[in-house]
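The values are calculated or read from the model by the stated rules, or taken from the named source; none is laboratory data. Nothing here was measured: the structure is a model prediction, and the numbers come from that model. Here the Cβ positions follow ideal geometry from the backbone for every residue, glycine too, while neighbour counts run over all protein chains shown. The accessibility values were calculated without ligands, DNA or RNA, using every heavy atom of the protein model including side chains. Shrake-Rupley method; radii C 1.70, N 1.55, O 1.52, S 1.80 Å.
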Amino acid sequence: MRFGYFDDRKREYVISTPRTPLPWINYLGSESFFTLCSNTAGGYSFYRDARLRRLTRYRYNNSPLDQEGFRFYIKEGDTVWNPGWQPVQTELDSYCCRHGLGYTVIEGCKNDIRARQEMFVPVKDDCLLVRLTVSNEAGGAKRVSVFPYIEFCLWDAVDDSSNFQRNWSTGEVEVKGSAIYHKTEYRERRDHYAVFWSGREPDGFDTSRDAFIGVYGSPARPEAVFGSGCTSSTAHGWQPVAAQQFDLDLDPGEDVSILFGLGYIENPQDEKWEAPGIINKSRAEAMIARYADDAAFDSALAVLKADWERLLSGFSVSSGKEKLDRMVNIWNQYQCMVTFNMSRSASYFESGMGRGMGFRDSCQDLLGFVHMIPERARERILDIAATQFPDGSAYHQYQPLTKKGNLAVGSGFNDDPLWLIAGTDAYLRETGDFSILDEQVPFDNDETLSQPLSEHLRRSFRFTAEHLGPHGLPLIGRADWNDCLNLNCFSEHPGESFQTTGPNEGPVAESVFIGGMFVKYGKAWAEICRRLGRPEEASEAEKAVAAVEAAVLDAGWDGKWFRRAYDAFGNVVGGSACEEGKIFIEPQGMCVMAGIGKAGGQAEAALESVKELLDTKYGIVLQQPAYTRYRLELGEISSYPPGYKENAGIFCHNNPWIVCAEAELGHGDRAFQVYARTAPAFIEDISEIHRTEPYVYSQMIAGKDAATFGEAKNSWLTGTAAWTFLSISQAILGIKPALDGLVIDPCIPADMKGFTAVRRFRGATYRISVENPRGVQKGVKELRVNGRVVEGCLIPPAEPGSTADVVAVMG
Ligand code: BGC
């Protein structure tokens, strides 16, 4: 069942009922100011960091769900409603939400009044802009009152939701004209405030939640709206809000639009005050002036749309498969931008208060983003590398605002270092810009410990090479990619972190998965060394890689598939002799992607086993059989009920690894089958089962052991976005950036007759046409660039600014 439809021309998902199975959200903002916005206008705003600079409050586990947001109440006589239905939930005569790229438009109609709420964050500005247009579609005049409402957060979202003994005394606001300034803590250490403004003089306002909503009131029934209007309240402590009232008289057919904004302003220390106790508003007033009328609003929106047009024009495909084109050309790339910006910090499943930027997460997010804005990818790589320790290990997470490592989680996730090589390698392939390797980057954010980025990569490589266990496989530490496979932790007490309990570094527990990674990214490192003119180091690296590859094929091979790990007692994890958890997806994907066992048939066998033992109609589950009881020696993975999360859920992130692995072996039919099973546009029809947004990937879909098989959770912020983009663009469509140019080597279903694509690469544009006259799955028989035949599959970089016409004939 569907709850809307894709409008590909406008690049929007159009939601036709507010009663979606869960709030379906969008992200507004793409650099520093962000707003999460649901299909009913729920959500919240923050500046850079959802924990440390939260502008508006959100209560995640509230009931009813999704109460806070940027809401308008519309009152006509005794009828009160919202354009997006929430939170009053008055039945609307019509409703529609359009989530576009960086903007959302919600429109509701009640009793011949139409209200249209348009929202977006302008490019390169720190504010949310909102326009409400109210139209009278009745035959006679109408009088309505309109109340916009937001609730401020007292900046640090963790403190805000816990330290009430202090916080109920700190709140401060100022009101000037049609602007409400939230200045809590500005009197002391903060140099920033928030401003809510409207472009029209209001007929009333409130800044105290108690006054507007009522001490025992609720957003579904604000006392001011249902009673006799706003009371000009000033918040002194408690819970500052911004609410206003506009009384509108509308002639038949008349439209009135009012502009609103929510901005974040920083002032230099010596320019904080205009007069004692009165904040300096000049920057805020300049911001308000920038968006003073409809023309300014429209042109800022046009700039945003043009920006997305340009971003997406770097990669597009025309395949004759509508759902595929829509995923590749629009939604998958859009999600890659969002994951690049958010890492795993703020969504409707990530509170913004817990995880900040993940080291491995952000490195992987780069894989799907680097082609869009390589300069931002460059900056991110340097930020991530600065959280690495001198021995090559790394902080597992860091805060986006401070860029400092998160001490509470610390390090010890032994796959982390290698992901830095993966992310940097992707950047080098995309740009050819080796100068990044010379950038001086601190270790542990300590400038005195700065070294060139290439030294960071060397230490990443060495960390793994020097932390091998009894079988010559990499030691796992606290966990590898699978955060929940905690082989050295032994957590027995509720409330403890599964990951940070117990010894950091066990000398025994090993990961076959990291072995696969080491082979894949170790080879990339060796190649980088060679390019840097260090052939000896390159051969040394290749020797270390070969040794681990041999160990994977020996102790890591189970007969029909790759094992997952060895636990702290030296027992196999993910082998046929195990009682549960006999086979895991991760090492099958990673080892085959690394090319391990290609020659000896193990790669083929491993993928056969995946098909036979892990496939389901909704995707490939992470392992089988699911763990039915808690196993101290395995940790969090066995804490989940069977079928959920890492305990045999369909972890979407590693499905594309299988896509890439299948393509590595030339299996185009199977690669596409795996791709399509989890691709959102392909499963839009089962939205009532899937429940999360049908335009983006979720981290996890409940597996076949779960009671809710097929139900997704943790939408938006998942490495699935980057990996699926990589799997479809590079493995299936076969357009792969390489150090020496662009490789064209598709691996497609036999019945696909070809496709065309446009790829921007190092400043040149490639118009690519792939023909598959013989219905093969892989293999380019002839490659022509601007009419000239090119040997092999590699096209050397074209002149920046030029256009190259590429024809690849498969056969
Ligand atoms: C984390 C990843 C991890 C994955 C598998 C995600 O929630 O963000 O870092 O690799 O789970 O455990």
Could you list log10 I(q)/I(0) for region 311-415 at q = 0.15, 0.20, 0.21, 0.24 Å⁻¹, which the Debye formula gives when each Cα is one point scatterer?
-> -0.67, -1.00, -1.06, -1.25
At 1.4 Å probe size, with every protein chain present, just tell me what the per residue accessible area of region 312-389 comes to in Å².
-> 22
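Based on the Cα gyration tensor of region 102-161, what are the three equivalent ellipsoid semi-axes, each the root of five times an eigenvalue, rounded to whole Å and given largest first? Show your work: numbers first, answer last.
Values: eigenvalues 195, 52, 16 Å².
Working from the Cα gyration tensor, I get semi-axes of 31, 16, 9 Å.
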Mind checking Rg over Rh on region 90-211, alpha carbons, Kirkwood formula for Rh?
-> 1.03
Short to long, in 5 Å steps from zero, the percent of alpha-carbon pairs of region 188-315 per bin is 2, 8, 13, 14, 16, 15, 14, 9, 5, 3, 1
Where Rh is the Kirkwood radius over the Cα pairs of region 256-365, the temperature 4 °C and the viscosity 1.567 mPa s, what D in µm²/s does Stokes-Einstein return?
-> 71
How much net charge surrounds Ser94 when only other residues with a Cβ under 10 Å from its Cβ are counted (Lys, Arg +1; Asp, Glu -1)?
-> 0
Any idea of the accessible area per residue across region 258-310, 1.4 Å probe, to the nearest Å²?
-> 49
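Please go through region 165-213 and write out the GluC sites (Glu not before Pro) that DSSP classes as loop and that have at most 10 other C-beta atoms within 10 Å.
Values: sites: Glu172, Glu174, Glu185, Glu188; in loops: Glu185, Glu188.
Sparse-neighbourhood loop GluC sites (Glu not before Pro): Glu188.
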Rounded to two decimals, what ratio of Rg to Rh does the chain give with C-alpha atoms and a Kirkwood Rh?
-> 0.98
Using only the C-alpha atoms of region 739-786, find the volume of their convex hull and express it per residue in Å³.
-> 88
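Is region 384-477 rounded, prolate or oblate when judged by the Cα gyration tensor, a ≥ b ≥ c being the square roots of its eigenvalues, rounded requiring a/c under 1.5 and prolate requiring a/b larger than b/c? Numbers along the way, then the final one.
On the way: a/c = 1.76, a/b = 1.16, b/c = 1.52.
Oblate, because a/c is 1.5 or more while a/b does not exceed b/c.
Tally up the carbon and sulfur contribution to the accessible surface of the chain as a whole percent, 1.4 Å probe, everything protein left in place.
Working: 13360 of 27500 Å².
Answer for the chain: carbon and sulfur cover 49 percent of the accessible area.
Please state, to two decimals, what the Cα-based radius of gyration of region 632-759 comes to when divided by 2.2 N^0.38 Å (N = residues). Could you put the intermediate results ahead of the total?
Details: Rg = 16.2 Å, N = 128, 2.2 N^0.38 = 13.9 Å.
Normalised Cα radius of gyration, region 632-759: 1.17.
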Using only Cα atoms, figure out Rg for region 464-595 and give it as a multiple of 2.2 N^0.38 Å.
-> 1.10
Sites matching GluC sites (Glu not before Pro) across region 588-647 that sit in DSSP coil, with at most 16 neighbouring C-beta atoms within 10 Å | Glu633
Please work out the Cα center distance from region 185-256 to region 423-483, rounded to the nearest Å.
-> 51
Using modelled amide H (1.01 Å from N, peptide plane; none on Pro or chain starts), what sits under 5 Å from the amide H of Ser715, excluding residues fewer than 5 places away?
-> Gln699
Using Cα pairs closer than 8 Å and at least 6 residues apart in sequence, work out the relative contact order for the chain, in percent.
-> 9
What's the center-to-center distance, using Cα atoms, between region 74-119 and region 268-301 in Å?
-> 29
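What order, most packed first, do the peptides 222-228, 585-591 have when packing is the mean number of other Cβ atoms within 10 Å of each residue?
Values: 222-228: 18.1, 585-591: 30.1.
Descending mean neighbour count gives 585-591, 222-228.
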Mind listing which trypsin sites (Lys or Arg not before Pro) in region 704-811 are in a DSSP loop and have 15 or fewer other Cβ atoms within 10 Å?
-> Lys753, Arg774
Determine the per residue accessible area of region 91-148 with all protein chains present and a 1.4 angstrom probe, expressed in square angstrom.
-> 29
Pairwise centroid distance, computed over Cα atoms, of region 726-804 with region 538-608, Å | 32
Using Cα pairs under 8 angstrom and six or more residues apart, how large is the relative contact order of region 578-701, in percent?
-> 24
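Which value results when the Cα radius of gyration for region 1-69 is divided by 2.2 N^0.38 Å? The partial results should precede the final answer.
On the way: Rg = 13.6 Å, N = 69, 2.2 N^0.38 = 11.0 Å.
With N residues counted in region 1-69, Rg over 2.2 N^0.38 Å equals 1.24.
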